[in-house]
Amino acid sequence: MTSRQQERRAVITGLGVVAPNGVGADAFWKATRQGVSVLDRISREGCTGLPLRIAGQVRDFDPRAAVDNRYLVQTDRFTHYAMAAADQAVADAGFTPDPEQPYAVGVVTAAGSGGGEFGQGELQQLWGKGPQFVGPYQSIAWFYAASTGQISIRGGYKGPCAVVASDEAGGLDAIAHAARAVEHGTAAVVVGAAEAPLAPYSMVCQLGYPELSLADRADRAYLPFSPDAAGFAPAEGGAMLLLEDDATARRRGAAVRAHIAGHAATFTGASRWEESREGLAAAIRIALERARIAAEEIDVVFADALGVPAADRAEALALADALGPYAERVPVTAPKSGTGRAYCGAPALDTVAAVLAMEDGVVPPTPNVTEVAHDLALVTGRARPAELRTALVLSRGLMGSNAALVLRRGEPS
């Protein structure tokens, strides 16, 4: 590590959210803190006759009010969410890019499902009317890189840009990638993930996941760590953050929301949930080592919480392996049980929730879960006040990726 890297430290200065339980960080946090569950029957056109019935839908979002029309017509819903959340994050940070330094700001996103709704519409035009009715944006709107590209173009951000393709855990890996860019000299990076998997073709693809919940009742669809766990309910939405160098942010008077203290990623293979115990535990240990903190310094864990018995058991055991006896005492929460699992967007939303929990001094509850089947101090029912200085955010992907991110509470400027 160079002396310049040692001098630079990545911090979070801005938060942006488009989620099923609220648009904007304030609305999202109010619902998350209260343990509100917004899982409901899927009402999206063309999606109501499928075996997947319950999900977390973003309802209070008007893309026409959030995205200029020229970008709106060439992008899918998942990019609309990402662009709106990116605008929020930049505004929240009070950050104004220097027009004379366009290469100082980068963009990093992660995506798992891409623009399925846009792509399906264009293919229906192709099959129903002919190739002359397919628009030119079909070539880019469905692509995983679309959100990074459009946020970069729209904001004039010409710095290091990337798309992280590492399964659902990519939501955390993207943040780590952005943090490294800041440590290497980039002034700021807009980073996060947003998904829009609630379209007919996308939903049919998801039916191939054995971990998907096909429950008929919203309050029974997603019950992680519960004796009644039977899969996860999917969701749309996500979050974007603004990362900057600590010293630079303070010089301009920005509020430092949190420090990116440590991260690690491992791989254990698709649906090999028993093996994910070892991989997730390794990611936790390495992230703690990189953050230079002991297990007992973790004040709250935002769990991956897949809602599959074997996966939940593996996660509980991974925490025991990595944190030792302390694993049974540290508060654990899974707010996503009330909103659904937004694939790559889920750990990005958990990261925002972790930042706000540390600021507010409270651990949000795990909605709908009343009984815990594992040796975890899972917070259920209502929020729990606590002095929170350090948070651990976990994520695993259906294809086998594992990631752990350690956050430290920011100090007032």
Could you work out how far the C-alpha centroid of segment 166-239 sits from that of segment 361-381, in angstrom? 20 Å
I'd like the Karplus ³J(HN,Hα) series for segment 17-27: coefficients 6.51, -1.76, 1.60, θ = phi - 60°, whole numbers in Hz, and an x wherever there's a Gly or Pro. 9, 10, 9, x, 9, x, 9, x, 4, 5, 5
Of the chymotrypsin sites (Phe, Trp or Tyr not before Pro) in segment 108-217, which ones lie in a loop per DSSP and count no more than 16 other C-beta atoms within 10 Å? TYR137
Over the Cα atoms of segment 340-404, what radius of gyration and what Dmax do you get, in Å? 12.9, 36
Which of ALA215, ALA391, ALA305 moves most in a GNM of the chain, Cα contacts under 10 Å? ALA215
Cross-link candidates for LYS30: which lysines have Cα within less than 27 Å, leaving aside residues fewer than 8 places away along the same chain? LYS336
Heavy-atom accessible area per residue of segment 253-396, all protein chains kept, 1.4 Å probe, expressed in Å², is 34 Å²
Honestly segment 109-168 on the Cα gyration tensor test (a ≥ b ≥ c root eigenvalues; a/c under 1.5 rounded, otherwise a/b vs b/c for prolate or oblate) is just oblate
May I ask you to order 290-297, 307-314 by the average number of other C-beta atoms within 10 Å around their residues, highest value first? 307-314, 290-297
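Round to the nearest 0.05 the FRET efficiency obtained for ARG44 and THR96 when R0 = 45 Å and r is the Cβ-Cβ distance.
That gives a FRET efficiency of 0.75.
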Amide H within-cut-off set for GLU195, under 5 Å, with H built and near neighbours excluded: GLY237, GLY238, GLY345
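So what are segment 224-284's ellipsoid semi-axes, whole angstrom, largest first, if each one is the square root of 5 times an eigenvalue of the alpha-carbon gyration tensor?
Values: eigenvalues 242, 64, 22 Å².
The three semi-axes for segment 224-284 are 35, 18, 11 Å.
Which percent of the accessible heavy-atom area of segment 284-413 goes to carbon and sulfur, probe 1.4 angstrom?
The computed percentage sits at 47.
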Would you mind getting the Kirkwood hydrodynamic radius of segment 1-159 from its Cα pairs, rounded to one decimal in Å? 18.0 Å
Residue by residue through segment 185-197, the couplings from Karplus 6.51 cos²θ - 1.76 cosθ + 1.60 with θ = phi - 60°, in Hz, x for Gly and Pro, are x, 5, 5, 7, 9, 8, 9, x, 7, 9, 10, 9, x
Identify the trypsin sites (Lys or Arg not before Pro) of segment 38-104 meeting these criteria: DSSP loop state and at most 12 other C-beta atoms within 10 Å of the C-beta. ARG59
Quick calc, LYS129 & ARG384: beta-carbon distance into FRET formula, R0 51 Å, rounding 0.05, result 0.35
How long is the gain from ALA145 to GLU289 if the chain were fully straight, where each residue apart is worth 0.36 nm and the alpha carbon distance is subtracted? 48.7 nm
Paired Rg and Dmax values of the chain, which use every Cα atom, in angstrom: 19.9, 64
Debye log10 I(q)/I(0) for segment 93-134, one point scatterer per Cα, at q = 0.27, 0.30 Å⁻¹: -0.93, -1.01
For LEU378, distant residues with modelled amide H under 5 Å away: VAL332
Sort out for me the Cα centre separation of segment 9-79 from segment 250-287, rounded to whole Å. 24 Å
Rounding to the nearest 20 debye, state how big the charge dipole of segment 272-385 is about its Cα centre with +1 on each Lys and Arg Cβ and -1 on each Asp and Glu Cβ. 200 debye
Net lengthening on full extension, ARG272/ASP219 (0.36 nm per residue, minus Cα-Cα): 16.4 nm
Listed residue (LEU392, LEU123, ALA187) projecting farthest to the positive dipole end of the chain, Cβ model: ALA187
For segment 38-43, in residue order, the Karplus 3J(HN,Hα) values (coefficients 6.51, -1.76, 1.60; θ = phi - 60°; whole Hz; Gly and Pro = x) are 10, 4, 7, 5, 5, 10
Under a 1.4 Å probe, what is the accessible area of segment 119-164 per residue, stated in Å²? 57 Å²
Packing-ranked peptide list from 328-336, 27-35, highest mean Cβ count within 10 angstrom first, is 328-336, 27-35
Cα Rg, Dmax (largest Cα-Cα span) when computed across segment 245-338, Å: 15.5, 48
Förster radius 51 Å - calculated FRET efficiency between ALA247 and ALA65, Cβ distance, rounded to 0.05: 0.90
From the mean inverse distance of alpha carbon pairs (Kirkwood) and the Cα radius of gyration, derive Rg over Rh for segment 12-83. 1.02
Tell me the carbon and sulfur percent of the accessible area for segment 52-131, rounded to whole percent, probe radius 1.4 Å. 49 percent
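The values are calculated or read from the model by the stated rules, or taken from the named source; none is laboratory data. All of these numbers come straight from a predicted model, not from anything done at the bench. Neighbour counts are summed over all protein chains in view; Cβ atoms, including those assigned to glycine, are modelled from backbone coordinates with ideal geometry. Surface areas here come from the heavy atoms of the whole protein model, side chains and all, with no ligands, DNA or RNA. Shrake-Rupley method; radii C 1.70, N 1.55, O 1.52, S 1.80 Å.
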